[in-house]
Structures are given as structure tokens and as C-alpha cells.
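The block underneath contains the structure these notes are about, expressed in C-alpha cells.
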Amino acid sequence: MPCNCCEITDNAFSEAEARSEVKNYRKRGPANQTRLILEAVRSLGSKDAVLLDIGGGIGALHHELLEDVARAATHVDASSAYLKEAKAEAARRGHGERVNFIHADFTNVAADLPKADIVTLDRVVCCYPDFRGLLKAAADHSQKALALTYPRETWYMRIGLQALNFFQRLRKDPFRVFLHPIAEMDSLIKREGFERVSLRRLFVWEMALYRRVV
Ligand SMILES: C[S@@+](CC[C@H](N)C(=O)[O-])C[C@H]1O[C@@H](n2cnc3c(N)ncnc32)[C@H](O)[C@@H]1O
């Protein structure tokens, strides 16, 4: 099925939004759900790892992990506004040479990308309709661990996301936020050879860390 997801996601995140997120990040550090991924990944004790950050936004995960866990990172993102800010911040931190930035829908370029030790998707599956294709490709690229955050399947998240998508429809904006079935995402990742080693929850977000066992 042809998909204009990259175009939709590119339009969904404005330059002003991306700039304001970097400002926030510089002032307050990573967001709470991003901190859960950071703690989980650091708990693995990896050093000199290669990171693949899918939909990394302003790049908080690689900005942080290049300090102690990763030696190199690839950041694939459908949003050019986010990539621009992520690149500038990486350069500011002296990491510019260690990050490969790719503007694309990951599912379209996955076949051409090398595998990584650690793959991360922080608040990404909820922006993408085909979570099966995205997670399968992500899992396939991970040699050691996969960490992701996604919205919790609670009554208030269902109502909140329905309301948000209703306003998107009214504004004739094709971008939607998805509450994908967590049990199905979990089974899919396990079928790809992983076991879940950590599960943490905030009010809105859940974080799961998987380790490759096969
Ligand atoms: C809500 S933002 C989250 C950004 C960042 N990870 C964070 O938590 O701050 C979702 C990001 O995922 C990206 N994205 C969604 N689907 C994608 C896909 N299939 N391939 C690459 N990037 C994708 C969007 O462009 C956007 O940067």
C-alpha cells in the first residue's frame, strides 16, 4: 500500500515546535518518558554501542547516550524540522561527526541500513499507522536491545486521543495519533527474538525494554 506517512509527519512538526523543544531540553534535560529509556538502556551496562534512534526528534536520546553508552548513532526521522534542530544540537555538543542523520520514513530505508546494538523509538509508534511494519523493521535492526515508549491503553488516553484526532479532522490535517494494541506490539517483538526485561509506566506513557535472546 503506498504511504505518504513521511510527508504527513514532516508537516506535523513545525520548525517553531522543534526549536521550542530544544530550548526546553537545554533548560530541563530529557522529558520524563525519555529518561525511562535512558535508565533502561544504561541498566544494560553497554559501552561503545552503536545506536539506531528511529524518530529521534530533537535527538535527546543520542545526545545523552553518546556521552557514556554509544560510540556512534544513526538518527532516522521523517521530520526535517526535528532533524535540523537535532543536527545543530549534536554539533553544539561536539557529537556531529558521530551521528548519521537520515531524513526518511524508516520503513522505506530500513533495507539499506546496517544493524545496530541498540534501537530506540521514543513516542514514535503512536505517530505511525503501520506499527507492525515499523516494529518488525526496528526489531530486525537490533542485535542486542530495543527500547520504546508508547501511549498507555487507558480509558483517559482513548478519550484524549479521540478528541485530538477529531480536531485534526476538523482542521483537515491528515496527521493522526494512534493508540496501538500493546499486547500485539509485545507479541510481535517477542516473535522477532526478544524478551521483555523492563516495563515502566507514567500517567500517559509506558516504556518497555527488550533484550535479544535468539
Ligand atoms: C512525537 S515525535 C517524538 C520525537 C522524540 N522521539 C521525542 O520523544 O521527543 C515522533 C517522531 O517520530 C518520527 N517518525 C514517526 N514515524 C516515523 C517513521 N516511520 N520513520 C521515521 N521517523 C518517524 C516523527 O518524524 C517525529 O520526529
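Computed quantities for the displayed model
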| item | result |
| --- | --- |
| Cβ pairs under 6 Å, 6+ apart, first in the stretch 141-164 and on the phi > 0 side of the Ramachandran plot, second of a type in the set (Ser, Thr, Tyr) and surrounded by fewer than 23 Cβ atoms within 10 Å (Cβ to Cβ) | none |
| Of all residues in the stretch 83-101 being among the basic types (Lys, Arg) and under 22 Å from residue 112 (Cβ atoms), the one that is surrounded by the fewest Cβ atoms within 10 Å (Cβ to Cβ) | 98 |
| Those residues of the stretch 6-55 which are polar (S, T, N, Q) and crowded, with 18+ Cβ neighbours inside 10 Å, in sequence order | 9, 33, 34, 46 |
| Residues within the stretch 3-18 that are more than 10 Å from the ligand (Cβ to nearest atom) and more than 18 Å from the chain's Cα centre (by Cα), tallied | 3 |
| Matching residues, the stretch 63-89, being aliphatic (A, V, I, L, M), in a helix (DSSP H, G or I) and over 17 Å from residue 49 (Cβ atoms) | 81, 83, 86, 88 |
| Restricting the stretch 64-82 to residues that are buried (at least 24 other Cβ atoms within 10 Å of the Cβ) and away from the ligand (no atom under 11 Å from the Cβ), the residue that is nearest to residue 134 (Cα to Cα) | 73 |
| Residues (of a type outside the set (D, E, K, R) and free of Cβ contacts under 8 Å to residues at least 60 places away in the same chain) located in the stretch 34-59 | 38, 45, 58, 59 |
| Pair list, Cβ < 8 Å and 6+ apart or interchain, from the stretch 14-33 residues that are at pLDDT 95 or above to residues that are part of a helix (DSSP H, G or I) and among the basic types (Lys, Arg) | 18/84; 29/35 |
| All positions within the stretch 183-198 that are surrounded by fewer than 16 Cβ atoms within 10 Å (Cβ to Cβ) and either part of a loop (DSSP other than H, G, I, E, B) or under 16 Å from the mean Cα position of the chain (by Cα) (or both) | 193 |
| Verdict on residue 101 being more than 10 Å from the ligand (Cβ to nearest atom), closer than 20 Å to residue 128 by Cα and over 13 Å from the mean Cα position of the chain (by Cα) | yes |
| Meets criteria (within 11 Å of the ligand (Cβ to nearest atom), without any contact (Cβ under 8 Å) to a residue 60 or more places away in the chain, surrounded by fewer than 24 Cβ atoms within 10 Å (Cβ to Cβ) and farther than 14 Å from residue 9 by Cβ) for residue 133 | yes |
| Residues located in the stretch 54-72, provided they are within 16 Å of residue 122 (Cα to Cα) and out of contact with any Leu (no Cβ under 8 Å at 6 or more places or on another chain) | 56, 57, 58, 59, 60, 63 |
| Any hit, the stretch 156-170, residues being closer than 20 Å to residue 33 by Cα and buried (at least 17 other Cβ atoms within 10 Å of the Cβ) | yes |
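The values are calculated or read from the model by the stated rules, or taken from the named source; none is laboratory data. Note that this is a predicted model, so its numbers are computed, not measured. Because the Cβ atoms are built from the backbone with ideal geometry, glycine has one as well, and the counts that use them run over all protein chains shown.
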